[in-house]
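J.: Below is a structure I'd like to ask you about.
The values are calculated or read from the model by the stated rules, or taken from the named source; none is laboratory data. For clarity, every value in this text was computed on a predicted model and none was experimentally measured. Reconstructed Cβ throughout: ideal geometry from the backbone, glycine too, with neighbour counts over all protein chains shown. Side chains included, ligands, DNA and RNA excluded: accessible areas come from the protein's heavy atoms. Shrake-Rupley method; radii C 1.70, N 1.55, O 1.52, S 1.80 Å.
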Amino acid sequence: MASIKDVAAEAGVSVATVSRVLNDHPSVSEDARTRVLAAVEALGYRPNAVARSLRTDQTRTLGLVISDVMNPYFTELARSVEEEARALGYSVIIGNADERPDLQDHHVRTLLDRRIDGLLVSPTDGGSPLMLDAARGGTPMVFVDRWIPGVDVPVVRSDGRGAVRDLVAHLHALGHRRLAIIAGPAATTTGRERVEAFREALQAHGLELPDAYTGQGDFQAESGRRVTEGFLDLPEPPEVVFAADNLMALGALDAVRARGLRIPRDIALAAFDDIPWFVHTDPPITAVAQSTGELGRAAVRALVDRIEGRPPQSVTLPARLVVRRSCGEQPASPEPAPAQNRSQS
């Protein structure tokens, strides 16, 4: 493997000149810069990132702690974060909290020990002293998707209230009146916000949300299955189950099918967090869609602004309703066949 001394010898300059070129120092002639870069390319030289970080106090590395890597929403979010960070010259180390505060803190502590330049977090709850200390202690940080109220950290998230209102109006127009929700964890901002939005939307149509129609889930498929089984056992089951995330919707779907019931003939299903496989279920699932890729990209840009001394901005993107056929919607009418010309005899 080529060393910096090999590059200097190849370019006919000093090691100090090579170092200045690699660190984009202005006090280097264009001729020397050209020769050094040509030598770097010819020798395949790669600078030692660890040594560079000791000199510059930067590692060009971001940490990302996501709530559940098995959730397709967070998988897509992580991918967009990695792509945007790479485009801006940063690498990303990912930690999976698996919806557990103790694992979240483990990853945050490990990432801070590795001297990352900044941290993106989707908090599993708002009560972690380590998270609060890191946020208040000057660590460049951005909350993505979820946030901790009262902590002065930029937040990049979706606002699903409008889309939930649209969903409830859509369900009401279809004739549904008994609507239930599988809620996410009350310790998360998204868990609380989606229940509140659902209840407010029902009230706007003169409908109530009885306790029996509110089931506590944990953003995992098993909780969606368990809560839906409870709904189906009620003397008067709901007409619609709204799952507050995609994995709980999958669990709800399994519970309905296990009873030999069909969607939407026997019970309707809708979900928050649209994902690609919803179009492949039978029937395709009506869902609230977030701009997941743009959320990830915006979060990285906000964090890099904070790291590089520019004022970071919080970003809120609207969600939207995607209507399919899991709530009793009629399939779209096929296009009429083109008229055929017939010759007259």
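J.: Among the residues of the stretch 324-345, which ones are at pLDDT 50 or above and surrounded by fewer than 16 Cβ atoms within 10 Å (Cβ to Cβ)?
T.: Q330, P331, A332
J.: Checking P235 against (1) within 21 Å of the chain's Cα centre (by Cα); (2) surrounded by fewer than 16 Cβ atoms within 10 Å (Cβ to Cβ): exactly one of these is not met. Which one?
T.: (1)
J.: Let me confirm something: among E196, E208, E229, E200, which residue is under 20 Å from D274 (Cα atoms) and either open to solvent by 20 Å² or more (accessible area, probe 1.4 Å) or touching a Gly at 6+ places or on another chain (Cβ under 8 Å) (or both)? Outline the logic, then answer.
T.: Numbers: E208 fails: under 20 Å from D274 (Cα atoms); E229 fails: under 20 Å from D274 (Cα atoms); E200 fails: under 20 Å from D274 (Cα atoms).
Checking each option against the conditions leaves just E196.
J.: Spot the failing condition for G162; the list is (1) open to solvent by 10 Å² or more (accessible area, probe 1.4 Å); (2) under 21 Å from R320 (Cα atoms); (3) assigned to a loop (DSSP other than H, G, I, E, B), and only one is missed.
T.: Of the numbered conditions (1) open to solvent by 10 Å² or more (accessible area, probe 1.4 Å); (2) under 21 Å from R320 (Cα atoms); (3) assigned to a loop (DSSP other than H, G, I, E, B), the odd one out for G162 is (3).
J.: Something else about it: Name the residues in the stretch 5-24 that are modelled with pLDDT under 80 and within 44 Å of the chain's Cα centre (by Cα), would you?
T.: Within the stretch 5-24, A16, S19, R20, L22, N23, D24 meet the criteria.
J.: Only one of (1) open to solvent by 10 Å² or more (accessible area, probe 1.4 Å); (2) without any contact (Cβ under 8 Å) to a residue 40 or more places away in the chain; (3) not β-branched (V, I, T) is not met by R79, so which one is it?
T.: Just one mismatch for R79, condition (2).
J.: Inspect all residues belonging to the stretch 204-224 and state whether any of them is under 18 Å from P72 (Cα atoms), at pLDDT 95 or above, more than 20 Å from the chain's Cα centre (by Cα) and charged (D, E, K, R).
T.: There is at least one residue in the stretch 204-224 that is under 18 Å from P72 (Cα atoms), at pLDDT 95 or above, more than 20 Å from the chain's Cα centre (by Cα) and charged (D, E, K, R).
J.: If I filter the stretch 265-296 down to residues being touching a strand residue (DSSP E or B) at 6+ places or on another chain (Cβ under 9 Å) and charged (D, E, K, R), which single residue comes out as farthest from L174 (Cα to Cα)?
T.: Looking at the filtered set, the residue picked out is E294.
J.: Step by step: first the residues of the stretch 67-93, then only those that are part of a helix (DSSP H, G or I) and polar (S, T, N, Q), then the one that is farthest from S291 (Cα to Cα). Which residue is that? Walk me through it before giving the result.
T.: We begin by selecting, within the stretch 67-93, every residue part of a helix (DSSP H, G or I); these are 72-87.
Checking the rest, the ones that are also polar (S, T, N, Q) come to 75, 80.
Values: T75: 13, S80: 11 Å.
Applying the filter and picking the extreme gives T75.
J.: Name the single residue that is nearest to P318 (Cα to Cα) among those in the stretch 165-204 being among the small types (G, A, S) and assigned to a helix (DSSP H, G or I). Working first, answer last.
T.: First, pick out the residues of the stretch 165-204 that are among the small types (G, A, S): 169, 173, 175, 180, 183-184, 186-187, 191, 197, 201, 204.
Next cut, assigned to a helix (DSSP H, G or I) only: 169, 173, 191, 197, 201, 204.
Working: A169: 17, A173: 23, G191: 17, A197: 14, A201: 16, A204: 20 Å.
Restricting to residues being among the small types (G, A, S) and assigned to a helix (DSSP H, G or I), the top hit is A197.
J.: What are the residues in the stretch 169-188 that are open to solvent by 10 Å² or more (accessible area, probe 1.4 Å) and either modelled with pLDDT under 95 or among the β-branched types (V, I, T) (or both), if any?
T.: Hits for the stretch 169-188 are P185, A186, A187.
J.: For the stretch 1-43, which residues satisfy the criterion of being in a helix (DSSP H, G or I), closer than 21 Å to G89 by Cβ and open to solvent by 80 Å² or more (accessible area, probe 1.4 Å)? It would help to see each step written out before you state the result.
T.: We begin by selecting, within the stretch 1-43, every residue in a helix (DSSP H, G or I); these are 4-11, 15-22, 30-43.
After this cut, where a residue has to be closer than 21 Å to G89 by Cβ as well, the list is 4, 7, 18-22, 33, 36-37, 40-41.
The answer is R20, L37, E41.
J.: Something else about it: Looking at (1) in contact (Cβ under 8 Å) with a residue 12 or more places away in the chain; (2) not in a strand (DSSP E or B), which is the one condition that is false for G260?
T.: Going through (1) in contact (Cβ under 8 Å) with a residue 12 or more places away in the chain; (2) not in a strand (DSSP E or B) one by one, G260 breaks only (1).
J.: Pull up the stretch 127-144, narrow it to residues that are in a loop (DSSP other than H, G, I, E, B) and in contact with a strand residue (DSSP E or B) (Cβ under 7 Å, 6 or more places away or on another chain), then point me to the one that is surrounded by the fewest Cβ atoms within 10 Å (Cβ to Cβ).
T.: T139
J.: With the checklist (1) more than 16 Å from L295 (Cα to Cα); (2) touching a helix residue (DSSP H, G or I) at 6+ places or on another chain (Cβ under 9 Å); (3) part of a helix (DSSP H, G or I) in hand, flag the one item T124 doesn't pass.
T.: Status for T124: all satisfied but (3).
J.: Quick one: which of V304, V300 is open to solvent by less than 10 Å² (accessible area, probe 1.4 Å), touching an Asp or Glu at 6+ places or on another chain (Cβ under 6 Å) and more than 24 Å from D218 (Cβ to Cβ)?
T.: V300
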